[in-house]
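Data block below; observations after.
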Amino acid sequence: METVLSIQQLSKHYGKIEAIRELSVKINRGQIFGILGPNGSGKSTTLSITLDLVKPDKGNFSWFGENPSKESRKRIGSVIETPNFFPYLSPVKNLQIVADIKDQDYSDIDRVLEVTGLYERRHSKFKTFSFGMKQRLAIASALLGNPEVLILDEPTNGLDPQGIAQIREIILQVAKQGTTIILASHLLDEVQKICSHVAVISKGIKLFDGKVSEVLDISDSFELAAADMESLLVAIQSHPEYLSASRNGDHLLVYFNNGVKPADLNIFLFQKGLTLSYLSERKRSLEQHFLELLHDNQ
Amino acid sequence: MIKLLKIEFKKILTYRIFWILAGLYFIFLAAGIMMAEFMINNMVDNMNKHLPIPLPHVTIYFFPWIWQNIAFFATLRYVLIFPAIIVIIQITNEFTFKTIRQNVINGLSKSEILWSKLLLILLISCVITILFAIGTLIIGLIHTQVDGWRMVFEKSPFIFGFFVSILSYQVFAFFFGFLLRNTGLAIALFTLYSFIVEPIVYYFLKSPVVFRNSISPYLPVNSVLRITEYPAIPVLKKVMGLNLQDSVSLGQTCIPLLYAAIMIAIVVWVMNKRDL
């Protein structure tokens with residue numbers, strides 16, 4: 001799979017404060033990659049470095065397998081922290097400036113304003129917008145020209161529930177087109193709902209990365225093995241609480257909705273005529289870990 | 001280059017404060033130039049009260065000396081400050097609105113951002129210089145019995161001198177804007193330096209308290225003002241026997257340009273070092 005962003009051993013200090021330490025992440029094309037961590041954990045610093053806003057002390061990164069340049073940034077749409085536009089210009093004029101910088105024509109401006117629901121207000125000055133509208137314009141600007149990668153840093157911060165739902169809907173729509181999305185968030189729930197992959201960072205150190213389903217799913221999971229793995233798979237799929245299953249080495253990793261106990265599972269399979277050679281319950285350790293991290297930081 | 005200017009135009013042409021400042025600038029400029037002769041003659045009248053032989057009234061709007069006279073009045077600190085403030089606001093706005101970050105994110109390099117502001121300065125300087133040249137030509141033609149184009153353009157190197165003054169003073173403003181990043185602070189310190197700090201340093205260096213030196217004329221703002229240091233009033237010169245400036249010296253125009261080059265280099269260095 002093609003690597004879109006590769007970060008190697010990135011470190012950055014602000015004075016005495018260590019923002020990130022030897023952070024490495026690899027993001028492939030088509031992933032919806034969440035960077036999850038509490039406030040001040042180094043998410044924005046990491047993204048700012050990859051967008052050439054901040055110089056790292058150590059380490060390097062590459063976009064699309066090349067050395068980063070202004071040309072690679074033109075292929076990326078980004079929303080970083082706050083929406084930054086000229087207050088005295090209309091959304092159309094502001095987006096024209098973005099299009100000029102990215103060497104695009106203006107033909108996509110109406111589309112992105114419609115997608116974000118700002119078309120009706122396209123000639124109002126930016127400073128007359130509500131915060132939610134400003135945030136949506138930031139997303140419109142990031143979507144301009146259908147970039148290969150979309151970077152969203154806390155895109156729902158400060159929005160009301162309706163605004164949050166709107167923005168998530170937009171992100172999921174874009175993801176369907178195969179755009180790679182990098183989403184930084186401190187909300188476990190947000191990452192869970194949107195992302196396919198996640199890296200968890202705290203105090204500038206990466207704790208974990210992998211598939212969201214593997215690490216953050218709140219459903220219970222079990223590792224199972226039997227002499228006849230094919231029959232086991234068929235049998236387990238008939239379980240009423242069954243969610244998904246995947247091969248994990250010699251074992252079958254099975255996800256259930258809440259409330260499945262190992263003993264019940266064993267009985268269920270025995271009734272189906274299968275004897276297990278291996279049964280192990282997987283704890284929701286990472287979710288708990290993440291909540292503890294959040295707690296520590298509060 | 002065209003692309004960068006196109007972006008700058010979008011940022012500036014619908015900005016009301018720009019038009020207000022540009023309007024004030026041209027009102028100040030026009031009023032200053034039109035009042036100049038009257039004010040000088042007012043001074044002459046006052047002096048004449050104490051003189052046994054009265055000095056004659058002067059006229060300043062005639063060829064070829066009008067180039068020097070209008071260049072002098074149009075490059076007084078009070079007039080030069082307007083385009084400089086426009087430049088400071090155009091630069092510090094990018095930091096206030098954080099659009100400089102957004103522009104880098106979207107695919108401009110830091111050097112392109114510096115370039116776009118320098119191009120804007122160059123363009124503003126060219127426009128003002130062209131207006132200066134056309135305006136001066138018209139005023140001159142109204143007030144002079146023209147006796148061949150040679151007489152008209154004899155002192156036209158002052159157009160170049162005027163251009164260098166406008167350009168380099170705006171580059172000083174560019175320097176303050178990019179280093180201080182805050183609109184109020186940059187305008188305050190720039191004005192304070194131009195109007196108060198440097199004049200104090202100037203007289204301090206000239207005073208007998210300090211060692212004998214000739215540094216004063218080489219101070220940054222002073223070097224800009226010295227390009228056209230005095231108006232040319234041949235009558236007064238003759239009467240008072242003064243030997244005042246009557247041409248643009250190449251050496252003098254090089255000094256503010258050298259300052260401008262150093263300041264640009266410092267800004268480039270700082271911008272490359274600093275995070276946005």
Output for segment B:14-64, where each listed residue is more than 30 Å from B:Thr183 (Cβ to Cβ) and of a type in the set (Phe, Trp, Tyr): B:Phe38, B:Tyr61, B:Phe62, B:Phe63
Contacts under 8 angstrom Cβ, first residue in segment A:138-156 being at the interface with another protein chain (Cβ under 10 Å from one of its Cβ atoms), partner of a type in the set (Asp, Glu) and surrounded by fewer than 24 Cβ atoms within 10 Å (Cβ to Cβ), 6 or more apart: A:Leu144/A:Asp108
Test: residue in segment B:106-120 that is surrounded by fewer than 18 Cβ atoms within 10 Å (Cβ to Cβ), hydrophobic (A, V, I, L, M, F, W, C) and under 22 Å from B:Leu76 (Cβ atoms): no
Whichever residue in segment A:267-292 is modelled with pLDDT of 85 or more and surrounded by fewer than 16 Cβ atoms within 10 Å (Cβ to Cβ) and, among such residues, is nearest to the chain's Cα centre (by Cα): A:Tyr278
Condition check for A:Leu159: under 21 Å from A:Ile181 (Cα atoms), at the interface with chain B (Cβ under 8 Å from one of its Cβ atoms) and in a loop (DSSP other than H, G, I, E, B): no
Subset tally (residues that are within 23 Å of A:Ala19 (Cβ to Cβ) and touching a helix residue (DSSP H, G or I) at 6+ places or on another chain (Cβ under 8 Å)) for segment A:182-202: 14
Residue that is nearest to B:Val267 (Cα to Cα) [pool: residues in segment B:126-139 that are of a type outside the set (Val, Ile, Thr) and surrounded by fewer than 22 Cβ atoms within 10 Å (Cβ to Cβ)]: B:Cys126
Long-range neighbours under 6 Å by Cβ, at least six apart or interchain, first residue touching a residue at least 60 places away in the same chain (Cβ under 8 Å) within segment B:35-47, second part of a helix (DSSP H, G or I): B:Ala36/B:Phe73
Strands (runs of 3 or more DSSP E) fully within segment A:188-258 counting 1 or more residues that are among the β-branched types (Val, Ile, Thr): A:197-202, A:205-211, A:251-256
Residue ranges of helices (runs of 4 or more DSSP H) in segment A:6-110 with at least 1 members buried (at least 24 other Cβ atoms within 10 Å of the Cβ), within 11 Å of chain B (Cβ to nearest Cβ) and touching a Ser or Thr at 6+ places or on another chain (Cβ under 7 Å): A:91-101
Residue selected from segment A:111-127 under the condition of a type in the set (Ser, Thr, Tyr) and not in a helix (DSSP H, G or I), by the criterion nearest to A:Ile164 (Cα to Cα): A:Thr116
Hits in segment A:164-186 (condition: surrounded by fewer than 17 Cβ atoms within 10 Å (Cβ to Cβ) and among the hydrophobic types (A, V, I, L, M, F, W, C)): A:Ala165, A:Leu172
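Examine segment B:178-186 for a residue that is free of Cβ contacts under 8 Å to residues at least 40 places away in the same chain, surrounded by fewer than 20 Cβ atoms within 10 Å (Cβ to Cβ) and more than 30 Å from B:Phe62 (Cα to Cα), and state whether such a residue exists.
Narrowing segment B:178-186 to residues free of Cβ contacts under 8 Å to residues at least 40 places away in the same chain: B:184-185.
Right, trim to surrounded by fewer than 20 Cβ atoms within 10 Å (Cβ to Cβ) and you get B:184-185.
Subset that is more than 30 Å from B:Phe62 (Cα to Cα): B:184-185.
Yes, segment B:178-186 has at least one match.
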Qualifying residue in segment A:196-217 (condition: crowded, with 22+ Cβ neighbours inside 10 Å, of a type in the set (S, T, N, Q) and closer than 30 Å to A:Lys74 by Cβ): no
In segment B:30-59, residue nearest to B:Asn93 (Cα to Cα) [restricted to those that are among the β-branched types (Val, Ile, Thr) and surrounded by 12 or more Cβ atoms within 10 Å (Cβ to Cβ)]: B:Ile33
Selection status of A:Leu137, within 15 Å of A:Val115 (Cβ to Cβ) and not charged (D, E, K, R): yes
Condition check for A:Leu5: within 23 Å of A:Gln177 (Cβ to Cβ) and either modelled with pLDDT of 95 or more or touching a strand residue (DSSP E or B) at 6+ places or on another chain (Cβ under 7 Å) (or both): yes
Among (1) closer than 22 Å to B:Phe132 by Cα; (2) in contact with a Ser or Thr (Cβ under 9 Å, 6 or more places away or on another chain); (3) within 14 Å of chain A (Cβ to nearest Cβ), the one test that B:Ile33 misses: (3)
Listing of helices (runs of 4 or more DSSP H) fully contained in segment B:60-137 that carry 1 or more residues being modelled with pLDDT of 95 or more and among the charged types (D, E, K, R): B:77-96
Sole exception among (1) within 14 Å of chain A (Cβ to nearest Cβ); (2) touching a Pro at 6+ places or on another chain (Cβ under 8 Å) for B:Ile60, by number: (1)
Meets criteria (within 21 Å of the chain's Cα centre (by Cα), surrounded by fewer than 12 Cβ atoms within 10 Å (Cβ to Cβ), assigned to a helix (DSSP H, G or I) and not small (Gly, Ala, Ser)) for B:Ile27: yes
Selection from segment A:186-200 of residues that are closer than 23 Å to A:Phe64 by Cα and either small (Gly, Ala, Ser) or in contact with a Ser or Thr (Cβ under 6 Å, 6 or more places away or on another chain) (or both): A:Ser196, A:Ala199
Matching residues, segment B:38-54, being part of a loop (DSSP other than H, G, I, E, B) and either within 15 Å of B:Asn69 (Cβ to Cβ) or not basic (Lys, Arg) (or both): B:His50, B:Leu51, B:Pro52, B:Ile53, B:Pro54
Residues being assigned to a helix (DSSP H, G or I) and within 22 Å of the chain's Cα centre (by Cα) - total across segment B:179-221: 28
Among the candidates B:Ile88, B:Ile100, residue that is over 19 Å from B:Leu257 (Cα atoms) and either of a type in the set (Val, Ile, Thr) or away from every other protein chain (no Cβ under 14 Å) (or both): B:Ile100
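The values are calculated or read from the model by the stated rules, or taken from the named source; none is laboratory data. This one's a predicted model, so the numbers in the text were calculated from it and none came from an experiment. No Cβ is skipped: glycine too gets one built from the backbone with ideal geometry, and neighbour counts run over all protein chains shown.
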